[in-house]
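Coordinate-derived values only; no laboratory data. In this text the structure is predicted, and so the values were computed from the model without any measurement. Cβ placement follows ideal geometry from the backbone for every residue including glycine, while neighbour counts extend to all protein chains displayed.
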């Protein structure tokens, strides 16, 4: 029977760290794609933005299920095999989400993706931290979280903002990526600095620019 890596076993910690980082980054990439394309997906399924937003909530709600399920598997069979199974699982679900024929099937697939998403972080982080030198575990655990931030920034940089918002002239996406009822560029303003974030919070609370 396979066992989890013993604490202090530092062999191969770089590979474990990179694998966990990339797994988390790809997880986040799929999750944020739905957020960015929410209105377009709603139009594809002839439903409301709120219905697609519900799928995002469902994804997050099922993350603890994945964390519990794959955590138990990792404790029983070791970290590597459950992590590999989880990566294949959420990759397949990710592809199927893009091929979903109806909103109902899309909602089910996003729930399954949430299971894979929850499983990846717990098992991946455990594997990486068990392999990492003890003196570096605090810093490296924070580095793993950057997989999420790096993915979001990549999507921000790669988005053609002129195709979104009311000024774009694109009727299909005139309301895409609207935060607090304003243009899509508010997203970049919000996350580019602490000042921008504070201003967006103020707008959200007061309803005034």
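Using only alpha carbon pairs under 8 Å that are at least six residues apart, calculate the relative contact order of segment 80-141 and give it in whole percent.
37 percent
Please state the shape class of segment 16-66: rounded when a/c is under 1.5, otherwise prolate if a/b exceeds b/c and oblate if not, all from the C-alpha gyration tensor.
The shape class here is oblate.
Tell me, 13, 46 in order of fewest to most beta-carbon neighbours within 10 Å?
The order, fewest Cβ neighbours first, is 46, 13.
How high is the relative contact order of segment 13-158, in percent, with contacts defined as C-alpha pairs under 8 Å that are six or more residues apart?
41 percent
With r defined as the distance between the Cβ atoms of residue 95 and residue 137 and R0 fixed at 22 Å, what FRET efficiency is calculated, to the nearest 0.05?
Efficiency computed from Cβ-Cβ geometry: 0.05.
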